[in-house]
Each structure stands twice: as structure tokens, then as C-alpha cells.
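Nothing in this text is a laboratory measurement; each read-out follows from the coordinates by a stated rule. Everything quoted here is computed from the prediction, not taken from an experiment. Note that each Cβ is placed from the backbone with ideal geometry, even for glycine, and that neighbours are counted across all protein chains shown.
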């Protein structure tokens, strides 16, 4: 029987974004490598969007954005599996019971020693020692330290009041999946520990989504028959999902597959400075889940990755764990060779219209180029204009109306009414002569861009933000960089004025980039096997 390669994509609902293309390219590579690919999507994903040869389960009721209330679990052809019907855990051994009793005895002795020091030392001396200990703790740990101190103080007061009796665990009214997990004998210690760490940080909702993901993941592994020789890739991971995967791995024990978690979202809004480490809500949340992972016992069955060196350093610094760097998979064979333009250069904006991707800059750019470049017929614009989340991209939604005043031969919009299909998307990429990426530099300082990966693979010159991962990837002479809007306009002008030179340089780098980021290399990196035969060949469309 073939080993399975399971692709978890709980954000995949339709063709929007790169979720679809990434999943299909990896599934095709897994099949070429002799593995059996399995794809798990959000419950809203229609089966007819995916190829018939790909075993697919629309099973996840929440995505990594937590943008909507969780959906109801699907009935997958009548198959119903209660995640709590797994075999009971073996009774603890005599050695483990003795070790546990010794641990509690040590904790009791430490508590008695603490109380003795408190009553024996003069108050000023005791307060001075406590103040020195507090000042010696790094500022980054102070929020979590304060939460632990508060909890410890409550325990001490309860013991003093009730004669040493341990306070009962009480977390107040819990969300449904959290309450269910607290009622399960194996999961209760894990969930209790998580609540103790997350409730002081107001992150109980994150835990609820983690447990929903865990429930759906367990069901998927059972239905798809995933075993210890198989591989599971979560290509857009979040720290909350790490807790879910760890709990599943501990329950499966020796039956656990190898999980590969790729973190692609940025940690910091600006540089990775101390201010961000201390005060960023995102960092505080991610740190809490990575700390839980370390406290619950790391496992070799869970491996961490990113897709850029910059992100690997950021996550490694926070998680205190090694992160590998994976290729950026895409179907390069669907991108046509650049044409030799005899008419107007086609300047393209490709990808969803978002504020952070600089979509609102485009009308002013067009106006600035109108007299010398657009009206004379030197350039025209091809713009992908689907705004999938207007509530998060208000400027982009307002910008759409501004494009209506331009004639179609100057500005052509794509996907304004519905997401582009894969064929339509790659047709747009293939028509582009230049790809514009006016992205926010801070947001994309360390993050990758699938659009950039496809543009370089297609031999298209690009315009990208300076001092970012994107600027470090474009070969010298194959594109331009910018710092602000004014430098963005000037960068576009320079590229248009000397297009032939930029195009020639971009063409020379195309093959090497495609080879480095082939999806077959990603599958080989995760499974530990080298690509076989034609799999190792570079595939470039004519």
C-alpha cells in the first residue's frame, strides 16, 4: 500500500488566494513521488473545484483566520466518528505513580520552605529579595510571570484558608469544545494547563478554535486511514493549531504520522525589536502557544518550517526551536514564456486586492503615467480586482470605483465580480510583461509572496519593496525596488524605459528559480526521498 501524503488546508474554500494552487501543486508532486495524496479542506469547499483523482475531505469547521463562527461538522457519506472513542490509555506504571507522588512531596516541601522563609525573615529583607527577583526577570516574560504569580497567590490563600486542601479547578463557563475536552480523562490535564496559561491573556477563544481543529483532524486521520509511515503537511499553520496537533500526536503515540507545520504569517508588524516582543498581541499569543508546546513535551513527530530565512529566524527566536525553510510550490508549467511586446507594455497587478498589497496606490500611479506613458500607448494596465474581505480592506474596496473612469484599452479589470479560476489566473500571469508588487514593506519584511514566485518563474521583471524578502530574491537587473509611493512611480518609469534589458536579465534567472522551488523538492524535503527520474527535470511552459 502506498504511503499517504496528507495536505491540510483548512483555509481552502474556493479559488481565491494561493491556497488552491499550492495544494494542487503539492498533491501532483506527491503523486509523482509514488505517494497517495489526500487533501482536507474547509467544509465550505465544493468538491467540483478539485480534480477527480485527488482524494478530498471537506472536514474542517474553522479556518486559521477565525473570521466566522465554526461550521457544523459534515456528514462525510454517513461516516461519523466520535473523536473520544479512541482506545483508552494504559494505566500508569508503578514507577510513574511513585514519581508523581515524589513530585507532589517535593512541591509540598517547597511550599513549606517558602512559608518558613516568609515568616522567619524580617519583612523588609523578604520584600527586598522578592523585588530583586522580579527585577531580574526579563521584561518579555513579565506578563506571563504576573499571571503565574497571581495564580500562585490565589492557591496559597486557598490553602491557608482551607487547611492545605488544593483549590478545585474552576474556569467559569467554558466554550462547548473546551468544556467537552475538560470532561475527557486524557485531555483534561492538557486543557486545564492551557486554560491556566491562556485565560489571563484573554485567549480562551483561541483555545476553543484549537480544540475544534483537533476534533476535525482526529476524524480525518481515522477516516483516511493515516498511519505512522505517512506524512501530514499543514501548509499555513498557526500556533494555536500546534497545540491541537500536539494533543493528537500524544493520543496516537506510536500510531502517529509525521506532522510538518509550515508557518507563513509574519510575527511582527515592524522590525523584530524589543518593543514588538513585549507589547505585540500577536507575539504574546504565539509565545503562549509555543510555551505550552514546550511545557507539554516536544515530540520528534512534529517538525517546524517556514518559507523564508527571515521568518525562520523570527519564529526560531520566539519558539526556541529549529525551523527549516521550504520551497514555494507552484505550477510553473502553466506560465507561458514572455512575449516580445510590439505594442503597449502590460503592467499587471496580480493577486487579491488588499490594502497591505498597495492596491489603493494604483489609480494615482495610472494618473502619474497618463500623459507620457498611457495615452501615447506605451503601457496599459491589467489589474486583478477581487476584494475578498472588504471589511479588512476598505481602501481597496473604495478604489474599485476609481478604475471605472479609465477606458478598457488603458485599464482592464479581472475578477472584480468573482474569483478567477486557475485557468483565468494563469492566463493573466502569462499576459503580463511587468508585475507590480506595491506591497507594504513592514508587513512583507520577512514574508514570501506567491505572486513574486510566479513572476520570477515566468521571467517577468518586477517592482517590489526595498529591504524585504522580495527585494533579496530578485536578481540584479531583473527588477526595481521602492521605499515609498514617489520612489514606486520612479521605479516603474525606469523599468518601462529600459524594458528590454530588464526582460533579458529576468529570462536568464528563470530556470534556476523554477528548479529551486519545484513542488517535487518540497515533497522530497519532507519525506526524505530524492526526486525520481523525470520528477527532477525542470518543467517550463513554452
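Each peptide in 46-52, 429-435, 517-523 was scored by the mean count of other Cβ atoms within 10 Å over its residues; highest first, the order is 517-523, 429-435, 46-52. The calculated P(r) of segment 368-430, using every Cα pair and 5 Å bins from 0, goes 4, 16, 22, 21, 20, 12, 4, 0 in percent.
Segment 220-269 and segment 1-76 have Cα centres lying 14 Å from one another. Inter-label distance, residue 253 to residue 222: 1.7 nm, where each label sits 7 Å from its Cα along the C-beta direction. Counting 0.36 nm for each residue step from residue 309 to residue 484 and taking away their Cα separation leaves a gain of 60.5 nm.
Length gained on full extension, residue 501 to residue 265: 81.5 nm, using 0.36 nm per residue less the C-alpha separation.
In what order do 213, 259 fall by count of nearby beta-carbon atoms within 10 Å, going from fewest to most?
259, 213
Within a 10 angstrom radius of the beta carbon, how do 211, 242 rank from fewest other beta carbons to most? Mind showing how you got there, number by number?
Numbers: 211 28, 242 23.
Lowest count first: 242, 211.
By other beta-carbon atoms within 10 Å, ranking 509, 61 with the fewest at the front produces 509, 61. Taking all C-alpha pairs of segment 291-331, those more than 13 Å from each other amount to 57 percent. Put simply, when 349-355, 1-7, 452-458 are sorted by average Cβ atoms within 10 angstrom per residue, most first, you get 452-458, 349-355, 1-7.
Computed from label points 7 Å out along Cα-Cβ, the spacing between residue 105 and residue 398 is 7.0 nm. Placing a label point 7 Å from the Cα of residue 421 along the Cα-to-Cβ direction, the residues of segment 1-33 whose backbone N falls under 13 Å from that point are 15. In this rough spin-label picture, where each label sits 7 Å from Cα along the Cβ direction, the residue 356-residue 179 distance is 3.5 nm. By the equivalent-ellipsoid construction on the alpha carbon gyration tensor, segment 332-516 comes out with semi-axes of 22, 19, 17 Å, ordered largest to smallest. Calculated on the Cα set of segment 253-398, radius of gyration then Dmax: 21.7, 69 Å.
Measuring how big segment 1-41 is from its alpha-carbon positions, Rg and Dmax come out at 10.5, 34 Å.
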